[in-house]
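Since the structure comes first, as structure tokens, the remarks are kept for the end.
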Amino acid sequence: MSKSAISNSVIRRLPRYYRFLGELEANGYVRISSRELAEKMGLTASQIRQDFNCFGEFGQQGYGYNVSGLRSEIGKILGLECKTPMILLGAGNLGRALASHIDFQNRGFELVGIFDASPEIIGGKIGDITINDISVLEEFCAEHHPQAAILCIPKTEASRETDRLIRLGIRAFWNFTHYDLRVDHKGIAVENVHLGDSLTTLSYGIKSMD
């Protein structure tokens, strides 16, 4: 099946499969059936088989799935063996938390640069990365060739900075700006993250239990 034919819902389940299989591997599981995996994940065995069949045959009849092997294959599908160079724009509280606590190396990325416009922040460090002035972005990208960017900047700056970054070779955005990027460029990937929307969904979950 071609990548374009695979539904977004299937793709969004892959990281969860990868995480669950990692937990199973850590707990000593060598193999698991689709039924057992479905029970642990709250899915159906049919759904799991359909999802995996989008990418090839990973299991054996009567044997199930090799946990380590399946996790490795899903990691390859997700591109986790690559370490795509990534930069962060906006080193405020959210940006600092992401840079400090996200395990980029095991998520397919390498954080190579951090940028901000605030004189009070520029020159400081997050981990071992120095916070650069946003004005040197062009020079930095020409030297280090990042391909992805995290946006933790004000919503009003998101559109302008996105266009700037695309011109500098950025092909993917992890966007926390509250501005839904709809980038009119082929080959650009965007993951809009709305933490407030997630919290609002939780509020509905509580309300629905009344």
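Readers should treat all values here as calculations from the given coordinates under stated rules, not as data from a laboratory. Source: prediction; values computed, not measured. Note: ideal-geometry Cβ built from the backbone for every residue, glycine included; neighbour counts use all protein chains shown.
Which is the longest stretch in the chain that no exposed loop site breaks, taking sites as GluC sites (Glu not before Pro) with a DSSP loop state and at most 11 other Cβ atoms within 10 Å?
Here the longest segment lacking exposed loop sites spans 121-210.
Which order results if Met209, Met86, Met41 are arranged by neighbouring Cβ count within 10 Å, fewest first?
Met209, Met41, Met86
Around Glu110, which amide H atoms from residues at least 5 apart in sequence, or from another chain, sit under 5 Å from its own amide H, with H modelled in the peptide plane?
Thr84, Met86
Please arrange Thr84, Thr200 by counting, for each residue, the other beta carbons lying within 10 Å of its beta carbon, fewest first.
Going from sparsest to densest Cβ surroundings: Thr200, Thr84.
Based on Cα positions only, what radius of gyration and what Dmax would you give for the chain, in angstroms?
20.0, 63
Excluding the sites themselves, what is the longest stretch of the chain that contains no trypsin sites (Lys or Arg not before Pro) in a DSSP loop with at most 16 other C-beta atoms within 10 Å?
With trypsin sites (Lys or Arg not before Pro) excluded where exposed in loops, the chain gives 84-170 as its longest stretch.
Starting from the range 22-115, pick out the chymotrypsin sites (Phe, Trp or Tyr not before Pro) whose DSSP state is loop and whose Cβ has at most 11 other Cβ atoms within 10 Å.
Tyr63
Take every DSSP beta bridge whose two residues both sit in the chain, then give the antiparallel share in percent to the nearest 5.
The antiparallel proportion sits near 20 percent.
So, counting K/R as plus one and D/E as minus one, what does the shell of residues with Cβ under 14 Å around Ala38 add up to? Before the final figure, lay out each step's value.
Values: positive: Arg13, Arg16, Arg35, Lys40, Arg49; negative: Glu36, Glu39, Asp51.
Every neighbour counted, the sum reads +2.
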